[in-house]
Each structure stands twice: as structure tokens, then as C-alpha cells.
1. So, in the stretch 54-100, exactly how many residues are without any contact (Cβ under 8 Å) to a residue 40 or more places away in the chain, under 23 Å from residue 7 (Cα atoms) and open to solvent by less than 20 Å² (accessible area, probe 1.4 Å)?
2. Without any contact (Cβ under 8 Å) to a residue 60 or more places away in the chain, surrounded by 14 or more Cβ atoms within 10 Å (Cβ to Cβ) and outside any loop (DSSP other than H, G, I, E, B): does that describe residue 187?
3. Step by step: first the residues of the stretch 149-184, then only those that are open to solvent by less than 60 Å² (accessible area, probe 1.4 Å) and at positive phi, then the one that is nearest to the chain's Cα centre (by Cα). Which residue is that?
4. I'd like the residue in the stretch 1-45 that is of a type in the set (Lys, Arg) and closer than 10 Å to residue 61 by Cα and, out of all such residues, is modelled with the lowest pLDDT.
5. Which of the residues that make up the stretch 8-44 are without any contact (Cβ under 8 Å) to a residue 60 or more places away in the chain and either in contact with a Gly (Cβ under 7 Å, 6 or more places away or on another chain) or assigned to a strand (DSSP E or B) (or both)?
6. Out of all the residues in the stretch 215-237, which are part of a loop (DSSP other than H, G, I, E, B), open to solvent by 10 Å² or more (accessible area, probe 1.4 Å), touching a residue at least 24 places away in the same chain (Cβ under 8 Å) and not acidic (Asp, Glu)?
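The values are calculated or read from the model by the stated rules, or taken from the named source; none is laboratory data. Since the structure is predicted, the reported quantities are computational estimates derived from the model, not experimental observations. Cβ placement follows ideal geometry from the backbone for every residue including glycine, while neighbour counts extend to all protein chains displayed. SASA here: full protein model, heavy atoms, side chains in, ligands and nucleic acids out. Shrake-Rupley method; radii C 1.70, N 1.55, O 1.52, S 1.80 Å.
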Amino acid sequence: MAWTKTYSGSEPMRVNKWLATEGVCSRREADALIEKGLVKINGEVLTEAGYKIEDGQTLSLTEKAARRLDNQLSLMFHKPIGIVSGTPEPGEIPAVRLINEQSLSGRAHAIPGRNNKLAPLGRLDKDSRGLLIMSEDGVLAKALIGPESKLEKEYHVKVRGDVTEEKLKLLRHGLELDGRQLRPAAVTVIKGNELKFLLREGRNRQIRRMCDLVDLRVLDLMRVRIGPLSLAGLPEGKWRPISARERDELLRWEAKGFSAEPTAPVIAEPVRRPAPAGKRPPAGGKRPPAAGKKPLGKPRSDAPPSSKPKPNEPKFKRTKLTPRKRTPIK
């Protein structure tokens with residue numbers, strides 16, 4: 001179904017910027033749609049790429065434009081070690097070459113071909129493995145790798161060296177790369193020398209360089225999650241398409257800055273009110289049961305029985321029994 005919406009901004013805005021702001025497509029994709037005559041303003045075909053839409057004007061995309069945007073492929077791939085994410089050097093294998101029908105996990109409405117221009121959304125170097133998102137979607141690309149992206153990425157990293165609390169503090173906050181301060185990172189110990197990193201940026205070989213600064217050597221690095229999307233059993237070397245619902249969830253997480261790390265609940269201390277004057281509880285701290293009410297619970301059975309007889313209780317005299325005679329066996 002074609003996309004239609006009436007602009008209600010206080011100031012005129014370029015059409016390509018407004019479509020990008022609305023999450024319909026990227027600015028570059030919007031310019032391509034305008035160039036092909038697939039965008040209309042108040043029912044008339046828009047021909048000027050730099051046109052600014054004004055308050056009250058209605059923009060609509062033709063059915064062809066909607067189909068073109070809907071057919072943009074986005075997928076998640078479990079990249080093995082030794083495969084490069086982007087443009088390969090001579091002798092290297094790019095990840096896009098492994099995206100075919102044989103490596104599909106599950107079902108897909110379309111298999112990428114030569115006409116598809118899949119780009120990796122986020123760096124994952126040759127020596128690393130794990131989740132790699134590839135897409136033709138400009139809006140998704142901006143959410144994942146744009147300069148203002150806040151989407152959380154989770155890595156499991158095995159290191160060599162002494163993992164101390166001081167090193168963890170530096171990794172979490174206090175390091176800089178290329179003369180620029182890094183954003184705060186959540187770094188915790190999973191077990192032994194295996195660490196979990198939660199990052200909201202993607203500098204070149206960031207985790208490896210961070211570990212080098214604190215004398216830790218990375219032995220294995222695996223990205224297991226990007227926002228709400230995780231590998232979730234996707235075999236190594238396999239791919240599957242990203243659904244429209246998952247795309248919307250990715251954009252929602254990026255816009256809201258969500259995190260998968262639960263925050264510890266704050267448990268309020270019970271308020272203890274002082275007892276009124278003249279009604280202090282006994283020294284043991286327990287209040288006597290109210291009149292006419294039975295104490296709750298069963299009486300304790302592990303209390304030692306009292307050896308002193310109670311008043312008006314009959315006294316019994318112990319009788320010593322004589323040994324019983326044994327009958328001889330015949």
C-alpha cells in the first residue's frame with residue numbers, strides 16, 4: 001500500500017529529509033524516488049529534488065515506490081572467522097559471497113542476487129565472528145551505524161592476562177582511541193577470563209584496542225546481539241531474513257536507547273513506627289496475641305519437653321520391671 005501523510009511542521013522542510021525523519025527511506029533513496037517520478041505532492045508528480053514541503057501539503061508515494069522500498073532486503077548472518085565484512089583484499093572472501101540459497105537457515109521470500117546491494121551494517125573484523133546485519137535499507141543503516149546511533153551491541157570476549165578490577169574500571173570508562181574519548185561501556189566478567197562487553201559505538205577494532213591498552217590480549221571475540229536481535233541458535237555460516245516486525249523493533253530500540261540489561265529493583269525498607277506510650281512490646285520483640293485470637297501457625301515440636309510437672313497434674317511413679325524368663329527351645 002502506498003505511503004501517504006500530510007506535513008504539519010512549523011517550517012518548510014526538504015522532502016528527502018522529511019521522508020528520512022519519518023523512517024520511510026534514507027535521503028539518498030528519497031532522491032532516487034523523486035528522480036524516477038515516484039513521489040507526489042497534493043497529487044502532482046514532484047520533479048524538483050530540493051523541494052521543501054509546507055504545512056498542510058500531502059505527500060504520497062506511488063505503488064511502485066512502495067514496492068521498491070518493501071523489496072529491500074535485510075538479513076542477519078553468523079559470520080565465521082576468516083571472512084571479511086566489507087570490501088575484500090586480494091585472496092579474501094567477503095561475507096556477501098556466502099549469502100545464497102545453500103546457506104539459508106529456514107525460509108525467505110527472496111534470495112539475494114546480483115542486483116541486490118547488500119551492505120554490512122557494523123564492523124566485524126576478519127578475526128572476529130558472530131552476528132552481522134546486512135541490508136539495502138538506508139533507514140536501518142542510519143539507525144545501526146549512523147554517527148548518532150545509540151543501539152546497544154553485545155560481545156563475548158576471551159582474553160589472556162590478569163583481569164583485575166582496576167582494568168575493568170578503565171575498560172568501562174576512562175579510555176580514549178585516536179585522541180577521542182570512548183563512550184561508557186558495560187564490561188563484566190562472565191567466568192574466568194571471559195568478558196561481556198556492551199557497547200553503543202563501533203570504532204575500528206575497538207574492543208581489541210581497548211584490551212591492548214590494559215595489557216589484555218583478545219583470543220576470541222564473538223558478537224552475540226545487536227539491540228533486540230540475537231544469534232538465537234543461527235548456525236555459523238548461515239543467514240536468515242529480518243522480518244518487518246524485527247526491523248521496527250530495531251528502530252524502536254535505537255530511538256529509545258533501550259538496553260537488554262535489567263536494572264536491579266529497588267526494595268524499600270519497611271517503615272517501623274514506634275509503639276504508643278504504655279504499649280511497648282515485650283523485651284523479646286514479639287507481641288502477645290490479641291484477645292480472642294488464636295496464635296497463627298502450629299506450635300513448635302522441636303522445643304524440649306519440660307521436666308517439671310505442671311500444677312494439678314498427676315504424678316506417676318516409675319516402676320522397675322524384672323527381667324522376663326526365657327522359655328527353652330525344645
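1. 0
2. Yes: the conditions hold for residue 187.
3. Only one residue tops the list, namely 174.
4. Only one residue tops the list, namely 5.
5. Listed by number, the residues that qualify are 13, 14, 39, 40, 41, 44.
6. Result: 228, 231, 234, 235, 237.
For every residue, the table says whether it meets (1) part of a loop (DSSP other than H, G, I, E, B); (2) modelled with pLDDT of 85 or more; (3) touching a helix residue (DSSP H, G or I) at 6+ places or on another chain (Cβ under 7 Å).
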residue: 91; (1), (2), (3): yes, yes, no
residue: 96; (1), (2), (3): no, yes, no
residue: 115; (1), (2), (3): yes, no, no
residue: 143; (1), (2), (3): no, yes, yes
residue: 148; (1), (2), (3): yes, no, no
